[in-house]
Amino acid sequence: AGLAHEDRLAAIGKLAASVSHEINTPIQTIVANLDSIRLELEALLARPRSQHGELLERYASNLLETVSDSLTGSRRISAIVRSLKEFARTTEATARLEPTSPNDEVQSVLRLVGKEARFQVKVELELDPMLPQVLAPAHTMTQVLTNLVVNALQALDQVDPAQRKLRIHTAADVEMVIVEVSDTGPGMPPE
């Protein structure tokens, strides 16, 4: 039980580091953009009022682009937070069966662990585009896939960086939908 608890804490720590890194980049962009907008508006307001209209026209497209970039970053953070909320749902909330797309769940998990996976390992996705939805408890698939991916990333810490691969494969046959998560880590010890 103690080892399982330690593994769970390590997985949570790795997930938290990944999420904080994933959120930090858009936050830095938003802060830099807001600072730029503030400076441009202060410079505009420091000019005589008669020049405001002309200067606003000159800077408007740049200001709109900066605001657009900030909105994109904000939406990225919102998506990450939404994924975290889904991951943290209680057991009661996950008991309800809902139509779920395994491919969408894989993409959600990869957004959640984001840069942690992309910069540490080669991620190979083989997602069946014709994969049907399955009835699954809400958000449970996200939790299971996140655990599998985080465990794979932990296992790959022991592997030469050039050999680190994480593969996620989805497929379906007449009876079932299959989601496989594999890695080039050392595997489970026999005991």
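Any read-out appearing in this document is the output of simple, stated calculations on the displayed coordinates, not a laboratory observation. As the structure is a computational prediction, the values presented were derived from the model and not from experiment. Cβ sites come from the backbone with ideal geometry, for glycine too, and all protein chains shown count toward neighbours.
Tabulated values for the structure
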quantity	calculated
Computed label-point distance, nm, for sites L34 and S74 using a 7 Å Cα→Cβ extension	1.0
Hydrodynamic radius by Kirkwood, which averages 1/r over all alpha carbon pairs of the stretch 150-191, in angstrom	11.7
Spin-label model distance (nm) - M188 vs M176, 7 Å beyond Cα toward Cβ	1.6
Förster radius 22 Å - calculated FRET efficiency between V67 and L127, Cβ distance, rounded to 0.05	0.05
R167-L84 FRET efficiency (beta carbon distance; Förster radius 30 Å; 0.05 resolution)	0.75
